[in-house]
Amino acid sequence: MSNETDKTTHFGYETVPEAEKAGRVQGVFASVASRYDIMNDVMSGGIHRLWKDAMMDWLAPRPGQKLLDVAGGTGDISFRFLKRAGSGHATVLDLTEPMLVEGRKRADAAQMQDSLDWVVGDAMALPFDDNSFDVYTISFGIRNVTRPEEALAEAYRVLKPGGRLMVLEFSQLPNPALQKAYDLYSFNVIPRMGQVIANDRDSYQYLVESIRNFPDQETFLGMIRAAGFGNAKYRNLTMGVACLHSGWKL
């Protein structure tokens, strides 16, 4: 009979004990926090902004809603949500405090400070009561969670009945030739950009590898349904480079 401490997981292409992954992920994002937003623009040519806008279009925030933005980092999704909703409240939760520190420095954070909370916490053990939020988002974060199925279970727990889950994550291109071209770019260009812009090649090598280890669209859709969410669907963005998954606590 195997011991819980013997369980392993992926950290990029490396196999590590489950107990080590969270600390390693913290190390990655603490290292790149001050250059994270700039790197997002450079790596994607600014397209990540369009993906996040598409997320808001599908989500259609309403006035007065309460958002929990998990792995919310520097607050991009929360700022967009509050602007679209017009009024409401957003809680930005992240495992890595330096990311939250960078978020608080942004001009949007100062303008919206009365509508924002910044919380250090773990997606697999949320420090909130059941049925607390109208909306749960996680953007480019769930692939870094040690056990994504536990994060989805926690999302279901903290959402109110009728609440909405939305996940934005890198995914898999359905066309093998396009996937190969994308892989060539990802593995050869992005780590070099990380070295030049953030002085950190290894963290961006991990981020590229973590994308390849994440389940494809249909597999992840099954995980959302298994967590209890109804009316679960997904939409590919930029031919599947990224994907939006949506589900409801019915």
Legend entry - Residues satisfying the stated conditions in the stretch 178-212, i.e. among the polar types (S, T, N, Q) and surrounded by 14 or more Cβ atoms within 10 Å (Cβ to Cβ): Gln179, Ser186, Gln195, Ser203, Gln205, Ser210
Legend entry - Failed condition for Pro215, given (1) surrounded by 19 or more Cβ atoms within 10 Å (Cβ to Cβ); (2) part of a loop (DSSP other than H, G, I, E, B); (3) not hydrophobic (A, V, I, L, M, F, W, C): (1)
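Can you confirm whether Val16 is touching a Lys or Arg at 6+ places or on another chain (Cβ under 8 Å) and of a type in the set (Val, Ile, Thr)?
Working: touching a Lys or Arg at 6+ places or on another chain (Cβ under 8 Å): yes; of a type in the set (Val, Ile, Thr): yes.
It is true that Val16 is touching a Lys or Arg at 6+ places or on another chain (Cβ under 8 Å) and of a type in the set (Val, Ile, Thr).
Being in contact (Cβ under 8 Å) with a residue 24 or more places away in the chain, within 22 Å of Gly72 (Cα to Cα), among the aliphatic types (A, V, I, L, M) and in contact with an Asp or Glu (Cβ under 7 Å, 6 or more places away or on another chain) is true for just one of Met166, Met223. Which residue is that? Step through it out loud before you land on a result.
Values: Met166 fails: in contact with an Asp or Glu (Cβ under 7 Å, 6 or more places away or on another chain).
Result of the check over Met166, Met223: Met223.
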Inset, instruction - Among the residues of the stretch 81-104, count how many are within 15 Å of the chain's Cα centre (by Cα) and among the acidic types (Asp, Glu). - result: 1
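Name the single residue, out of those in the stretch 115-143 being of a type outside the set (A, V, I, L, M, F, W, C) and touching a Phe, Trp or Tyr at 6+ places or on another chain (Cβ under 8 Å), that is surrounded by the most Cβ atoms within 10 Å (Cβ to Cβ).
Step one: list which residues in the stretch 115-143 are of a type outside the set (A, V, I, L, M, F, W, C), which gives 115, 117, 121-122, 127, 129-132, 134, 136-137, 139, 141, 143.
Restricting the remaining residues to those that are touching a Phe, Trp or Tyr at 6+ places or on another chain (Cβ under 8 Å) gives 137, 143.
Values: Thr137: 27, Arg143: 22.
By that ranking, first place goes to Thr137.
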Inset, instruction - Within the stretch 83-91, identify whether any single residue is touching a residue at least 24 places away in the same chain (Cβ under 8 Å), within 28 Å of Val208 (Cβ to Cβ) and not polar (S, T, N, Q), and answer yes or no. - result: no
Inset, instruction - Answer yes or no as to whether Val158 is in contact (Cβ under 8 Å) with a residue 60 or more places away in the chain, in contact with a strand residue (DSSP E or B) (Cβ under 7 Å, 6 or more places away or on another chain) and surrounded by fewer than 22 Cβ atoms within 10 Å (Cβ to Cβ). - result: yes
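Taking the residues in the stretch 44-62 that are among the charged types (D, E, K, R) and surrounded by fewer than 16 Cβ atoms within 10 Å (Cβ to Cβ) as candidates, determine which candidate is farthest from Ala242 (Cα to Cα). Give the derivation first.
Our first condition is that a residue be among the charged types (D, E, K, R); within the stretch 44-62, this holds for 49, 52-53, 57, 62.
Adding the requirement that they be surrounded by fewer than 16 Cβ atoms within 10 Å (Cβ to Cβ) leaves 49, 53, 57, 62.
Working: Arg49: 12, Asp53: 13, Asp57: 15, Arg62: 25 Å.
Filtering the stretch 44-62 for residues that are among the charged types (D, E, K, R) and surrounded by fewer than 16 Cβ atoms within 10 Å (Cβ to Cβ), the one farthest from Ala242 (Cα to Cα) comes out as Arg62.
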Inset, instruction - Give the number of residues within the stretch 1-10 that are modelled with pLDDT under 90 and either of a type in the set (Asp, Glu) or buried (at least 16 other Cβ atoms within 10 Å of the Cβ) (or both). - result: 3
Legend entry - Selected residue (criterion: farthest from Ile211 (Cα to Cα)) from residues of the stretch 224-249 that are polar (S, T, N, Q), in a strand (DSSP E or B) and out of contact with any Pro (no Cβ under 9 Å at 6 or more places or on another chain): Asn231
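The values are calculated or read from the model by the stated rules, or taken from the named source; none is laboratory data. Just so we're clear, the structure is a prediction, and the values are computed from it rather than from any experiment. Using ideal geometry, Cβ is built from the backbone for each residue, glycine included, and neighbour counts are taken over all protein chains shown.
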